[in-house]
Amino acid sequence: MRAVIHPHQFTGTYRIPASKSHTIRRLLFATLAQGVSVLEYPLDSLDARSCVAICRAFGAHIEEVRESAEEARRSGNPNAPAPDGSRLARWIVTGVGKDPSGQPNLKTPEDVLNVGNSGTTLYLALAVAGLHGGISIFTGDHQIRRRSAQNLLVALEGLGVRAESSRNNGCAPIIIQGPWKGGRVSIACPTSQYLSALLIAAPLAAPGTITELEVPLLNEQPYVEMTLAYLDAQGVHYEAAPDRSFFRIWGGASYKPMGGIVPGDFSSAAFPACAAAISGGTVTLLGLDPTDTQGDKALFEYLALMGCQVSWNQQVDGWSLTIAAPKELRGQTLDLNATPDALPVMAATACFAKGTTKLINVPNARIKETDRIAVMAQELGKLGAHITEQVDGLVIEGGQPLRGTEVQGHDDHRVVMALAVAGLACQGATTVDSAEAAAVTYPGFLELLGADMIE
């Protein structure tokens, strides 16, 4: 699919879909719990459905409940509609619990586990698979098969788990076989998902097991804080250094069912917010919570620094967030280490800001679905942007007119959406290929943006 975007002002009120990070964590916690969990208005995306498939393969029973178009309208269901107008309302998850010996009652998968494009699902599920003695084999799409899990595999082996890359390159296909024996390992985490994986699995190891983690490098720390908040809610016994450089986790825990509405996604909210910022519009976003642990809520601080008016308003049914474009965006130096997913859309936004914008300290953006530093420099350059690639970020000389043309989305959902946002303020039409990738996290966003979709 190709998305064709014509320049126009983006404005309006939009309900943001649920967080991918929360949805996938809740699916895994619910799968490992004893009893029934109800996830209300989870993210209905390709990544989330990849996680559902993995959880079912491990033995969870997951029932899908949908709302009619009218019910969805009344409830404010943020999920994209199906062809019949219905929308996913909840997943009801019956977890596997523990067997009489205190081990997670995980089923040995009958087939190879395909995570699609979901790196979060891959990394978190690798550690979960190490909790039982059956063999699990993981693969994914062409991007997943190039994304290294080497540091995580080495750590799992140090904890007694068989963890092998079939091509000996740290990438999928990956073979995992427990049980988890505990011990002390050191793991550098260029992505926080390595650490979150170990933190989710370690409490469910056998009683008496102790897992100690030395963490000499940790990028994206807010996502580890999100994981720790789930452990706290489960009453897990652990110790953590204030700087998160060391953890001690005791085994023998059991997870309880959970419920409630899955929080809205700040990573997804970045796209309509930046669309308004560069096109001179105003948007009001619903479904977000300013107290949430998601790191990408910092993006709205970035937009405020660049001159946008950003305001939270508490309403009867929750919070609303309004972003109004300034007369002129101003370039800034922004440290994106904790928010690497923001790099594509902030790079696009910076092209329309007066002066120089530096996106720094974000080498972790190179190990996502694509090397997003290189890809954004390449594709924004095609539009006429003055952009320089650095080892750990980008330098953008903004304020120059950009011209619409054909650009490549590289099958990367955030690159596709960021380039589409840039098209709102280009001269002439902008065409983005591999537009279907947006459905990985934000189904319906390109249609929301007013793009023409072409086969």
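The values are calculated or read from the model by the stated rules, or taken from the named source; none is laboratory data. What you are looking at is a predicted structure, and each value in this text was computed from that prediction instead of being measured. FYI the Cβ positions are ideal-geometry reconstructions off the backbone, even for glycines, and counts take in every protein chain you see. Heavy atoms of the whole protein, side chains included, go into the accessibility calculation; ligands, DNA and RNA do not. Shrake-Rupley method; radii C 1.70, N 1.55, O 1.52, S 1.80 Å.
Across the stretch 307-323, what is the total count of residues that are touching a helix residue (DSSP H, G or I) at 6+ places or on another chain (Cβ under 8 Å) and either open to solvent by 20 Å² or more (accessible area, probe 1.4 Å) or among the charged types (D, E, K, R) (or both)?
Residues in the stretch 307-323 being touching a helix residue (DSSP H, G or I) at 6+ places or on another chain (Cβ under 8 Å) and either open to solvent by 20 Å² or more (accessible area, probe 1.4 Å) or among the charged types (D, E, K, R) (or both): 1 in total.
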Among residues of the stretch 98-115, those that are touching a Leu at 6+ places or on another chain (Cβ under 8 Å), assigned to a loop (DSSP other than H, G, I, E, B) and either surrounded by fewer than 20 Cβ atoms within 10 Å (Cβ to Cβ) or among the charged types (D, E, K, R) (or both), counted: 1
Of all residues in the stretch 17-41 being of a type in the set (Ser, Thr, Tyr) and assigned to a helix (DSSP H, G or I), the one that is nearest to Phe58 (Cα to Cα): Thr31
Search result, residues across the stretch 261-274 that are part of a helix (DSSP H, G or I) and either touching a residue at least 60 places away in the same chain (Cβ under 8 Å) or within 20 Å of Arg25 (Cβ to Cβ) (or both): Phe266, Ser267, Ser268, Ala269, Ala270, Phe271, Pro272, Cys274
Every residue from the stretch 157-198 that is part of a loop (DSSP other than H, G, I, E, B), closer than 16 Å to Leu124 by Cα and open to solvent by less than 30 Å² (accessible area, probe 1.4 Å): Leu159, Val161, Gly170, Cys171, Ala172, Gly178, Trp180, Ile187, Thr191
Which listed residue, of Glu369, Glu436, Glu389, is within 25 Å of the chain's Cα centre (by Cα), surrounded by fewer than 21 Cβ atoms within 10 Å (Cβ to Cβ) and closer than 22 Å to Ala269 by Cα: Glu436
Ser148 being modelled with pLDDT of 95 or more, of a type in the set (Ser, Thr, Tyr) and either part of a loop (DSSP other than H, G, I, E, B) or touching a His at 6+ places or on another chain (Cβ under 7 Å) (or both): yes
The stretch 128-143, residues that are closer than 23 Å to Ala30 by Cα, open to solvent by 10 Å² or more (accessible area, probe 1.4 Å) and not in a strand (DSSP E or B): His132, Gly133, Gly134
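For residues that are of a type in the set (S, T, N, Q) and closer than 30 Å to Arg403 by Cβ, scanning just the stretch 5-42, find the one that is most open to solvent (accessible area, probe 1.4 Å).
Ranking the qualifying residues of the stretch 5-42, first place goes to Gln9.
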Condition met for Leu380 (in contact (Cβ under 8 Å) with a residue 12 or more places away in the chain, assigned to a strand (DSSP E or B) and crowded, with 24+ Cβ neighbours inside 10 Å): no
Unique match (being more than 22 Å from the chain's Cα centre (by Cα), touching a residue at least 40 places away in the same chain (Cβ under 8 Å) and open to solvent by 30 Å² or more (accessible area, probe 1.4 Å)) among Gly59, Gly76: Gly59
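Among the listed residues Ala304, Ala253, Ala277, Ala298, which satisfies the condition of being part of a helix (DSSP H, G or I), touching a Leu at 6+ places or on another chain (Cβ under 7 Å) and either open to solvent by less than 10 Å² (accessible area, probe 1.4 Å) or at pLDDT 95 or above (or both)?
Values: Ala304 fails: touching a Leu at 6+ places or on another chain (Cβ under 7 Å); Ala253 fails: part of a helix (DSSP H, G or I); Ala298 fails: touching a Leu at 6+ places or on another chain (Cβ under 7 Å).
The match here is Ala277.
Rundown of residues vs (1) of a type outside the set (Asp, Glu); (2) within 22 Å of Asp111 (Cβ to Cβ), yes/no style:
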| site | (1), (2) |
| --- | --- |
| Gly158 | yes, no |
| Glu164 | no, yes |
| Ile174 | yes, yes |
| Gln177 | yes, yes |
| Gly182 | yes, no |
| Ser186 | yes, no |
| Cys189 | yes, no |
| Gln193 | yes, no |
| Ser196 | yes, no |
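Is there a residue in the stretch 144-152 that is open to solvent by 60 Å² or more (accessible area, probe 1.4 Å), within 23 Å of Pro42 (Cα to Cα) and touching a residue at least 24 places away in the same chain (Cβ under 8 Å)? Don't jump to the end; show me each part of the working.
Residues of the stretch 144-152 that are open to solvent by 60 Å² or more (accessible area, probe 1.4 Å), as a first pass: 145-146, 150.
Narrowing the set further to residues that are within 23 Å of Pro42 (Cα to Cα) leaves none.
Looking through the stretch 144-152, none of the residues is open to solvent by 60 Å² or more (accessible area, probe 1.4 Å), within 23 Å of Pro42 (Cα to Cα) and touching a residue at least 24 places away in the same chain (Cβ under 8 Å).
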Matching residues in the stretch 167-191 - criterion: being touching a strand residue (DSSP E or B) at 6+ places or on another chain (Cβ under 7 Å) and either under 27 Å from Thr339 (Cα atoms) or in contact (Cβ under 8 Å) with a residue 40 or more places away in the chain (or both): Cys171, Ala172, Pro173, Ile174, Ile175, Ile176, Gln177, Gly182, Val185, Ser186, Ile187, Cys189
Those residues of the stretch 401-436 which are within 24 Å of Val283 (Cα to Cα) and part of a helix (DSSP H, G or I), in sequence order: His413, Arg414, Val415, Val416, Met417, Ala418, Leu419, Ala420, Val421, Ala422, Gly423, Ala435
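Considering only residues that are part of a loop (DSSP other than H, G, I, E, B) and over 15 Å from Arg25 (Cα atoms), look in the stretch 223-250 and name the one that is most open to solvent (accessible area, probe 1.4 Å).
The selected residue is Pro242.
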Enumeration of residues in the stretch 328-363 that are buried (at least 24 other Cβ atoms within 10 Å of the Cβ) and either aromatic (Phe, Trp, Tyr) or part of a helix (DSSP H, G or I) (or both): Pro340, Asp341, Ala342, Leu343, Pro344, Val345, Met346, Ala347, Ala348, Thr349, Ala350, Phe352
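Results for (1) at pLDDT 95 or above; (2) assigned to a loop (DSSP other than H, G, I, E, B); (3) open to solvent by 10 Å² or more (accessible area, probe 1.4 Å); (4) more than 18 Å from Ala125 (Cβ to Cβ), shown as yes or no for each residue.
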| site | (1), (2), (3), (4) |
| --- | --- |
| Asp44 | yes, yes, yes, yes |
| Arg49 | yes, no, yes, no |
| Cys55 | yes, no, no, no |
| Arg66 | yes, no, yes, yes |
| Pro81 | no, yes, yes, yes |
| Asp84 | no, yes, yes, yes |
| Ala89 | yes, no, no, yes |
| Val93 | yes, no, no, no |
